[in-house]
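Student: Sharing a structure below in structure tokens format, with a few things to ask.
The values are calculated or read from the model by the stated rules, or taken from the named source; none is laboratory data. Note that the coordinates shown come from a computational prediction; the quantities given were computed from them, not determined experimentally. Cβ sites come from the backbone with ideal geometry, for glycine too, and all protein chains shown count toward neighbours. Areas reflect the complete protein model, heavy atoms only, side chains present, ligands, DNA and RNA absent. Shrake-Rupley method; radii C 1.70, N 1.55, O 1.52, S 1.80 Å.
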Amino acid sequence: MMRKIVFSSQSKAHLDSLIAYLEVQFSNETKIKFILKFDKIINIIHKNPDIFPKSNSNKQIRKCVVSKQTTLYYKYNNTEIRLLALFDTRQNPSKINKIK
């Protein structure tokens, strides 16, 4: 049974903000490369959600490095994979504890 991919409002806002930032600060090409990489990672998670390690702060949450500056946090159950947040690794690490 394939699980449904669900974006939390926080992860959707982070993704939208990140894509806009990449286009304005870098280029449309950089934005497209990131989107393709993100889609590839989502497909990997969809096929095998256990593939990425558990978060140190919460063992129910898994983390995946999307780029040097961006980590995706997600959790899953029998029916869905919930994308919780895209975290900018340049931020204060204590903010990771707020991801639910």
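Student: Going by the conditions given, is Lys4 open to solvent by 70 Å² or more (accessible area, probe 1.4 Å) and either under 16 Å from Leu86 (Cα atoms) or out of contact with any Asp or Glu (no Cβ under 8 Å at 6 or more places or on another chain) (or both)? Steps first, please.
Tutor: Working: open to solvent by 70 Å² or more (accessible area, probe 1.4 Å): yes; either under 16 Å from Leu86 (Cα atoms) or out of contact with any Asp or Glu (no Cβ under 8 Å at 6 or more places or on another chain) (or both): no.
For Lys4, the condition - open to solvent by 70 Å² or more (accessible area, probe 1.4 Å) and either under 16 Å from Leu86 (Cα atoms) or out of contact with any Asp or Glu (no Cβ under 8 Å at 6 or more places or on another chain) (or both) - is not met.
Student: Go through (1) surrounded by 11 or more Cβ atoms within 10 Å (Cβ to Cβ); (2) modelled with pLDDT of 90 or more and name the single condition Ile99 misses.
Tutor: (2)
Student: Can I ask one more? Scanning for something part of a helix (DSSP H, G or I) and at pLDDT 90 or above, does segment 48-57 turn up at least one residue? Lay out the reasoning, then the answer.
Tutor: Residues of segment 48-57 that are part of a helix (DSSP H, G or I), as a first pass: none.
Checking segment 48-57: not a single residue is part of a helix (DSSP H, G or I) and at pLDDT 90 or above.
Student: May I pose another question? Can you report the number of residues in segment 1-47 which are of a type in the set (A, V, I, L, M) and part of a loop (DSSP other than H, G, I, E, B)?
Tutor: Keep residues of segment 1-47 that are of a type in the set (A, V, I, L, M), which gives 1-2, 5-6, 13, 15, 18-20, 22, 24, 32, 35-36, 41-42, 44-45.
Okay, now just the ones that are also part of a loop (DSSP other than H, G, I, E, B), so 1-2.
Going through segment 1-47 one residue at a time, the tally reaches 2.
Student: Still on this structure, please answer the following. Within segment 13-60, take every residue that is among the aromatic types (Phe, Trp, Tyr) and within 15 Å of Leu83 (Cα to Cα) and give me the one that is least open to solvent (accessible area, probe 1.4 Å).
Tutor: Filtering segment 13-60 for residues among the aromatic types (Phe, Trp, Tyr) gives 21, 26, 34, 38, 52.
Next, from what is left, pick out any that are within 15 Å of Leu83 (Cα to Cα): 38, 52.
Working: Phe38: 10, Phe52: 44 Å².
Filtering first and then ranking leaves Phe38.
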